[in-house]
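Inspection log for the structure reproduced underneath, given as structure tokens.
The values are calculated or read from the model by the stated rules, or taken from the named source; none is laboratory data. Since we're looking at a predicted model, the values are computed, not measured. Every residue, glycine as well, gets a Cβ built from its backbone with ideal geometry; the counts of neighbours run over all protein chains shown. The area values use the complete protein model at the heavy-atom level, side chains included, leaving out ligands, DNA and RNA. Shrake-Rupley method; radii C 1.70, N 1.55, O 1.52, S 1.80 Å.
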Amino acid sequence: MTEDEKKKGLLKSFPLTYWVTIFLEFLERGAYYGLNAVLAIYLTDKLGFTSESVGFLQGFVYALTYVMPIAGGALAERLGYKKMLLTAFSLLTVGYFAAGNFDSYGLVFLFLLMMATGSGLFKPIITGTVARTTTKENSGFGFGLYYWSINLGALVFPLFVSWLRGNFDWKYIFFASSLWCFLMYLPTLFFYKEPERPKNAKPAKQVLIEAVTVLSDSRFMLMILVYS
């Protein structure tokens, strides 16, 4: 069997839910990296925020996307992957759209936090789905495609945003990110099949305690300073 035949065999070994997950990751990362490629410029040049305030905002938002998966993963195990995906899409869609339609620091901060929360909830569900839709035989190739989709989204969407920035109003950049997240509803509703979940899910109270503990940890503030 040639290498091409082996690869074709691997591609056919993944269920439809796996491919839906890859597509969702591509869109979500595209929305995220597309906007963040120009977000600091927008906040300083268009809205007139100081570089210090923008640094704190972005640092807090970026750090939150790495903390929220703690709660997102546990909630998905209890409530279901599809339900939490749809919740994440709602937060992402509203967060991106609203952040581009207000110009006060507090509201922009609030809606970007909403976006970050949605992104944080999204992350563990996607990686969990990839893990549960691959096998020992194809997991290496499967996770390789998963990371490839991330890199492709990070490459393609900033280029599209550069074109938008040169030809349209800033609001269209936020609208585009919101649109990509809204489009994730369709394949999830019609083609995403709930993967089997472990039975030993953590109690909701324990999840909340863990999330609060991380948020109050000094290392979280260090993350904010690093990303600033």
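Got a number for residues in region 123-132 being open to solvent by less than 20 Å² (accessible area, probe 1.4 Å) and polar (S, T, N, Q)? The total comes to 1. Applying a threshold of 8 Å to beta carbon distances and a minimum spacing of six or more residues, or different chains, the list of pairs starting in region 121-137 at a residue that is touching a residue at least 12 places away in the same chain (Cβ under 8 Å) and at negative phi and ending at one that is of a type in the set (S, T, N, Q) and in a loop (DSSP other than H, G, I, E, B) reads Thr135/Ser13; Glu137/Ser13. Each residue in region 143-160 was checked for being surrounded by 21 or more Cβ atoms within 10 Å (Cβ to Cβ) and either touching a Ser or Thr at 6+ places or on another chain (Cβ under 6 Å) or closer than 18 Å to Ala40 by Cβ (or both), and 1 of them qualify.
Consider region 162-195 and keep the residues that are over 16 Å from Leu92 (Cβ atoms), in a helix (DSSP H, G or I) and not hydroxyl-bearing (Ser, Thr, Tyr). The one that is most open to solvent (accessible area, probe 1.4 Å) is Phe190. Of Leu47, Leu43, Leu24, all but one fail to be under 24 Å from Phe168 (Cβ atoms) and open to solvent by less than 10 Å² (accessible area, probe 1.4 Å); the exception is Leu43.
Selection of region 75-94 for residues being open to solvent by 10 Å² or more (accessible area, probe 1.4 Å), hydroxyl-bearing (Ser, Thr, Tyr) and over 17 Å from Leu35 (Cα atoms) yields Thr87, Ser90.
The numbered conditions (1) open to solvent by less than 60 Å² (accessible area, probe 1.4 Å); (2) at pLDDT 95 or above are all true for Pro15 except (2). Filtering region 103-113 to residues that are open to solvent by 50 Å² or more (accessible area, probe 1.4 Å) and either within 14 Å of Leu39 (Cα to Cα) or of a type in the set (D, E, K, R) (or both) leaves Asp103, Tyr105.
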